[in-house]
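Below: the structure, in structure tokens.
Bear in mind these aren't lab numbers, they're just calculated from the coordinates by the rules spelled out. The structure displayed is predicted, hence computed values, not measured ones. Cβ: placed from backbone, ideal geometry, glycine included. Neighbour counts: every protein chain shown.
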Amino acid sequence: MPRMGSAPRGLATGVLAACLVAGCASFSSRADSGTEFGAGACAAPVVEPGELRTVVRASYFGTKTQIVNSAALLNGSIVVAYDANPDQAGDADDIAGRVPDPGLVLVRKDGSCEPFTPPVVAGVRVADDAQPVAVGPHGALYLWDGAEHRLVRGTVDGTWETVVEVPAKRLRYTPTPGVAVSRQGDVYVATDFLVSRVAAAGKLQPVAGTGKAASNGKTYPPPDLGNFPRPGTAAPLTHLRGIAATPSGGVVMTTESVVLELDPSGTLHLLADPETTAGQEGAIEALHVDDGGVVGAGSHLTAPAVTASGDVLIGDSDRQRILRIGKGTSRVLVIGPSSINPGNALTADGRGLLVRQVGDPDLALLSLPAD
């Protein structure tokens, strides 16, 4: 079972805190029944202190189903994208690729769930494999419609519009772009090596990176990204893993082993990397290759989430943990779940974080301690 790392300040009291003192906190997991999909498909996306709750069981939709993306809405429900026939390395059809069997699910706060039919936008229906990628400050849901290379937004039962079209050439290595929406309503889109802001008339204005990949002539170890702070577009970046908006109106972005922040002035700052976190509880381990050219151990960071206080939560998939980075310190928030689900990962009340566990295709909600 997952266990918590050392206790952050402000952690809620009670049984969870008592276990943390002993270094042995564990999570319970339960699923509610009686949904429209059938017993055990979904559970209420609400967690008690110290709980890790499975909210969508992938196996309900098929034995090989994978949860792809999810986004927590302001009303307490979540929208979840799944694929019941995902391509997997080693499959007999690995070269040709599997024919996907995608779908969207709306999980309501009471634990009931139902299919979510993609909307029609500008006369064209959004594809079934659309991905929930963000939620705006006023509740708009953002969907990536890969079939039309467009980002759309609207409400579950309301009207929809196109936000921006993203050229396919910017997404050669990133099937679904990262999207973040600030409290001020600015929309940011992360493609392969570039973060852009959606400007007037639906144009993408670069704000971080150059669009080209930072390179040292080889894949590993990743190249040094240079000196910070610096103007956001002054130098190239390596492949982006995800982005999230900050309370101040900036954007946090992650590469495989580096966490960066673009402030509202357009200045790019280094938040954490193997050098700055060395010796800390949540140290990021540098990626490297052995003498035979095989990629060795190291930290592979996933998509981030940002709390109301500005702390960055980030998965470290190979080391099977989630880190909490803030005020120059990287701490281990939890050992066990290792991937923060892309999209709007934090519940509206900030008490829960949508995660996927190592080797588990289900979508779970992790209780967060108070800031």
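Among 196-204, 298-306, sorting by the average number of other beta carbon atoms lying within 10 angstrom of each residue, highest first, gives 298-306, 196-204. Relative to the Cα centre, the charge distribution of the stretch 235-319, modelled as +1 at Lys and Arg Cβ and -1 at Asp and Glu Cβ, gives a dipole magnitude of about 300 debye.
Placing +1 on each Lys and Arg Cβ and -1 on each Asp and Glu Cβ, with no other charges, gives the stretch 123-218 a dipole about its Cα centre of roughly 500 debye. Here the peptides 232-238, 182-188, 320-326 are ranked by packing, the mean other Cβ count within 10 Å, and the order with the highest first is 320-326, 232-238, 182-188.
Each of GLN184, LEU268, THR246 was placed along the dipole of the stretch 184-325 (beta-carbon charges, centred on the mean Cα), and the one lying farthest toward the positive end is GLN184.
Mind running the shape call on the stretch 49-185? Use the C-alpha gyration tensor, a ≥ b ≥ c as the square roots of the eigenvalues: rounded below 1.5 for a/c, prolate if a/b tops b/c, oblate otherwise. Since a/c reaches 1.5 but b/c is at least a/b, the shape of the stretch 49-185 is classed as oblate.
Taking the Cα centre of the stretch 184-325 as reference, the dipole from Cβ charges on Lys and Arg (+1) and Asp and Glu (-1) amounts to some 520 debye. Computed log10 I(q)/I(0) for the stretch 184-325 at 0.12, 0.14, 0.15 Å⁻¹: -0.47, -0.64, -0.73, from the Debye equation with unit scatterers placed on every C-alpha and solvent omitted.
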